[in-house]
Each structure stands twice: as C-alpha cells, then as structure tokens.
1. Hey, any hits in segment A:49-71 for a residue that's touching a helix residue (DSSP H, G or I) at 6+ places or on another chain (Cβ under 7 Å) and either closer than 26 Å to B:SER38 by Cβ or surrounded by 20 or more Cβ atoms within 10 Å (Cβ to Cβ) (or both)?
2. Could you say which residue among A:GLU88, A:GLU15 is more than 29 Å from B:CYS91 (Cβ to Cβ), at pLDDT 90 or above and acidic (Asp, Glu)?
3. In segment A:29-42, is there at least one residue being closer than 24 Å to B:GLN6 by Cα, free of Cβ contacts under 8 Å to residues at least 12 places away in the same chain and out of contact with any helix residue (DSSP H, G or I) (no Cβ under 9 Å at 6 or more places or on another chain)?
4. Would you check which residues across segment B:69-80 are of a type outside the set (Ser, Thr, Tyr) and either surrounded by fewer than 15 Cβ atoms within 10 Å (Cβ to Cβ) or under 14 Å from B:GLY28 (Cα atoms) (or both) and list them?
5. When you look at A:PHE74, is it more than 13 Å from chain B (Cβ to nearest Cβ), under 12 Å from the mean Cα position of the chain (by Cα) and in contact (Cβ under 8 Å) with a residue 40 or more places away in the chain, yes or no?
6. Go through segment A:31-80 residue by residue and tally those that are in contact with a Gly (Cβ under 6 Å, 6 or more places away or on another chain), in a strand (DSSP E or B) and modelled with pLDDT of 90 or more.
7. Select the strands (runs of 3 or more DSSP E) contained entirely in segment B:14-94, then report the ones holding at least 2 residues which are farther than 14 Å from B:THR113 by Cα, charged (D, E, K, R) and more than 10 Å from chain A (Cβ to nearest Cβ).
8. What's the total number of residues in segment B:81-101 that are more than 14 Å from B:ILE12 (Cα to Cα) and either surrounded by 19 or more Cβ atoms within 10 Å (Cβ to Cβ) or at pLDDT 95 or above (or both)?
Amino acid sequence: AQSVTQLDSHVSVSEGTPVLLRCNYSSSYSPSLFWYVQHPNKGLQLLLKYTSAATLVKGINGFEAEFKKSETSFHLTKPSAHMSDAAEYFCVVSDGSGANNLFFGTGTRLTVIP
Amino acid sequence: DSGVTQTPKHLITATGQRVTLRCSPRSGDLSVYWYQQSLDQGLQFLIQYYNGEERAKGNILERFSAQQFPDLHSELNLSSLELGDSALYFCASSVTGFAGANVLTFGAGSRLTVL
C-alpha cells in the first residue's frame, strides 16, 4: 500500500533563509514522487518529479529534493526563501499505474516572513 | 495560465440542487482527472477519463457523475447537493492515461459553495 506523510502542516521561515519541507512515503513498488505547489486561488503546479533517475532532483524556482530510499524520504529544500515562495506544498507518491494510485499528502503551508 | 480551463470559477447554490462543472484539458492531453479539495478531506481523487473512456475511479459519490466528450472536454455533474459538497473542484490533464508516470497539469479550480 502507498501513502505519503508531510511531517509539518505549517512551516514559517524568514526571507533569505533556507527552506525545508519534509515528506516521508510508503510504497510497495519503486515509486514516482512529485512535489506540487499551490498558490492562493490557483491550481497546483509541478515543482519537480523523481522517477528513478538521479536521486537529487532539481525543480523550478530554485527548489530541489533528494530521494533517500533508506529513509523513505523525499524532502523539499531551497537555499534561500523568497516572498513569492509563500504557498501550500504537496508531496505526491505514485506506483506509476493508475490515477487511483496517485496519493497526495495533506500539504504544508509555507509562510515567508519579510 | 496552465492551459487547463475550468468554468465556472465560483458557484453558489442551494442544497438539493444540481450543478455542472466544465473542464477543457491542455491542448494535446488525452486524459482528464477530477479532484475535490476540502479543508477536512484534503485533495481527493474522484475520477479519470482517457480519450472518452473512464480509466479510474476514486472516492466519487454516487450522486456525482462525469463524462469526457469527443472533443476531450469533460463535465462533472454534482446532484442532490449537500452542505458537505462545498469544496474546490480541480480538473487536471495529462498526455497519457498513466498518472504516476506523467505530470498532471491542473486548472485553477471551481469553487462550489452549497448553502
């Protein structure tokens, strides 16, 4: 069975400081993993995806995530937060088969303090 | 603009009523997905269509139905509405029918309020 756990429902950082959004997954198969971002009143936008290639995945807007199989983690990081990063972030896991096997985490709300 | 168009953006209706939400997928995408996002349930997968055929079903209530038309646009019909159906309904599309292998492109959502 698959599942994804986002360990923090809310993260608050100061502008210019690093961002860490944590995600742990459970999967019976070799998973595909994604991070999506949702800005207020907008749809979800893909930040990055992991599909069994390089374990360090670079995404848009300076975000990256590292797939660690031993820790079953896929944490999202950014070296320096920008005000425009304030949004809701979703970690997603899939075994690659069907839409009903695409599991979304409960989301982490990122607040950036000026 | 993601390329996925959803209408209406906002909809307010009463309990017991029926509404239709519409989605036009991104050009070239054959698969459409419907999701419901509410504060208490998070993002829930409802149903997926691929090239006009139902591909996968999630937590969709019997009061809800959907279809994908030959021009690939999709409609989600919600009937006998209840207060608990108030939510943001997202449509997403992808090139193929395999959600895990493909990136989903999401629309901006339709916010439904049931009074």
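The values are calculated or read from the model by the stated rules, or taken from the named source; none is laboratory data. Quick caveat, the model's predicted, so the values are computed rather than measured. Here Cβ is always computed from backbone atoms with ideal geometry, including for glycine, and neighbour counts include all displayed protein chains.
1. For segment A:49-71, residues touching a helix residue (DSSP H, G or I) at 6+ places or on another chain (Cβ under 7 Å) and either closer than 26 Å to B:SER38 by Cβ or surrounded by 20 or more Cβ atoms within 10 Å (Cβ to Cβ) (or both): absent.
2. Among A:GLU88, A:GLU15, only A:GLU15 is more than 29 Å from B:CYS91 (Cβ to Cβ), at pLDDT 90 or above and acidic (Asp, Glu).
3. Yes, segment A:29-42 contains a residue that is closer than 24 Å to B:GLN6 by Cα, free of Cβ contacts under 8 Å to residues at least 12 places away in the same chain and out of contact with any helix residue (DSSP H, G or I) (no Cβ under 9 Å at 6 or more places or on another chain).
4. Of everything in segment B:69-80, those that are of a type outside the set (Ser, Thr, Tyr) and either surrounded by fewer than 15 Cβ atoms within 10 Å (Cβ to Cβ) or under 14 Å from B:GLY28 (Cα atoms) (or both) turn out to be B:PHE69, B:PRO70, B:ASP71, B:LEU72, B:HIS73, B:ASN77.
5. yes
6. Looking only at that region, the number is 3.
7. Per the criteria, B:53-57.
8. 9
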